[in-house]
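What follows is one structure encoded as structure tokens, with my remarks underneath.
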Amino acid sequence: MTTATVLSEFDRSSGVATLTFNRPDSLNAIDITMARNFLEAVRGLSVQPGLRCVVLRGAGRAFVAGGDISSMAEGRQQAWQMVNTALDSLNPAILLLRNIDAPIIASVKGVAAGAGLSLALMADLIVAEENARFLIAYNGIGAVPDCGGTWFLPHKIGAGRASEMMILGRTLNAREAQSWGLVTSVAAEDQFDGMLATTVTKAAEGPGRAFGAFRRLVDQASGTALADHLEAERHAFLEMTQTADFSEGVSAFLDKRKPRFQGC
């Protein structure tokens, strides 16, 4: 499926889907059309047979530079309407994408700011080029993070560092973001595509249903009592014992060979 502002591609041989935010002249700033296109693309992925991994990327020089501020500049009512309408699509898209078992990888070049930072943080792994920059940016317009920013960022780097980014407007380069635990790996421009491909291949070849269960357990951990979380882990593990990937993993372990997971 292809739309004007979000491109969706699916490689059936690898099971890898790529969603590209596609407003390069605006550094992929999110407007209402892009928000709606994103939800449409994610809905398509949610029913895609054989999906093993999702890659998020931006066209051109940036990942996503946040919301389209120019569309909020004509007064308070117009700003309220734009933000509310965009989030009517963005929030369901985020929830739907996070409920897909396939691991999510953000491929970040250039800036990931505002809602773009939130969308990168939504991914399980962030692979960044050395020129990447990460900033909250909402403090510059007197607003608060959306698209899950106040949930994902403290989960990744802790409340103290999240507050530093918000209150002091701290911008992280790729290496700083990696040292803070926000970014998984960093590569120079000439090595980036190879590193990304290696990461995507490894994720796509893994036990997808187990990855999805892992993500859900991690997401709920901080708000769950230990006794309840122990039971959630038990139920998730028992569910995995009934999957083809678990059977393959056990057989491969006993045979001392690399497992060949199918994501089911």
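The values are calculated or read from the model by the stated rules, or taken from the named source; none is laboratory data. Predicted, not measured: the structure shown is a model, and the values here were computed from it. A quick note on method: Cβ atoms are made from the backbone with ideal geometry, for glycine too, and the neighbour counts reach across all protein chains shown.
Structural remarks
- Exclusive hit being in a helix (DSSP H, G or I), on the phi < 0 side of the Ramachandran plot, touching a residue at least 12 places away in the same chain (Cβ under 8 Å) and in contact with a Lys or Arg (Cβ under 7 Å, 6 or more places away or on another chain), set Asp219, Asp245: Asp245
- Every condition in (1) modelled with pLDDT of 90 or more; (2) small (Gly, Ala, Ser); (3) assigned to a loop (DSSP other than H, G, I, E, B); (4) not assigned by TED's automatic domain parsing to the domain that holds Trp151 holds for Ala213 except the one numbered (3).
- For the stretch 86-102, a residue qualifies if it is under 18 Å from Gly50 (Cβ atoms) and charged (D, E, K, R), and exactly one does: Asp101.
- Every residue from the stretch 1-46 that is assigned to a loop (DSSP other than H, G, I, E, B) and under 16 Å from Met82 (Cβ atoms): Thr5, Arg23, Ala29, Asp31
- Set Arg43, Arg76, Arg61: member being under 26 Å from Asp219 (Cα atoms) and without any contact (Cβ under 8 Å) to a residue 60 or more places away in the chain: Arg43
- Matching entry among Gln220, Gln242 (being surrounded by 11 or more Cβ atoms within 10 Å (Cβ to Cβ) and not assigned by TED's automatic domain parsing to the domain that holds Ser14): Gln220
- With respect to the conditions (1) more than 16 Å from the chain's Cα centre (by Cα); (2) more than 21 Å from Val54 (Cβ to Cβ), Ala197 lacks only one, and its number is (2).
- Condition met for Ala162 (within 18 Å of the chain's Cα centre (by Cα) and of a type in the set (A, V, I, L, M)): yes
- Among the conditions (1) farther than 19 Å from Ser46 by Cα; (2) not in a helix (DSSP H, G or I), Ile105 misses just one, which is (1).
- In the stretch 105-134, the residue that is surrounded by the fewest Cβ atoms within 10 Å (Cβ to Cβ) out of those that are touching a Cys at 6+ places or on another chain (Cβ under 8 Å) and among the hydrophobic types (A, V, I, L, M, F, W, C) is Met122.
- Complete set of residues in the stretch 51-82 that are modelled with pLDDT of 90 or more, touching a helix residue (DSSP H, G or I) at 6+ places or on another chain (Cβ under 6 Å), closer than 22 Å to Thr171 by Cβ and assigned to a strand (DSSP E or B): Val64
- Positions within the stretch 154-211 being of a type in the set (A, V, I, L, M), farther than 24 Å from Ser14 by Cα and touching an Asp or Glu at 6+ places or on another chain (Cβ under 8 Å), in sequence order: Ala174, Ala188
- All positions within the stretch 1-22 that are without any contact (Cβ under 8 Å) to a residue 40 or more places away in the chain and within 17 Å of the chain's Cα centre (by Cα): Val6, Ser8, Glu9, Thr18, Leu19, Thr20, Asn22
- Of the criteria (1) surrounded by fewer than 22 Cβ atoms within 10 Å (Cβ to Cβ); (2) touching a Gly at 6+ places or on another chain (Cβ under 8 Å); (3) in contact (Cβ under 8 Å) with a residue 40 or more places away in the chain, which one Asp25 fails: (3)
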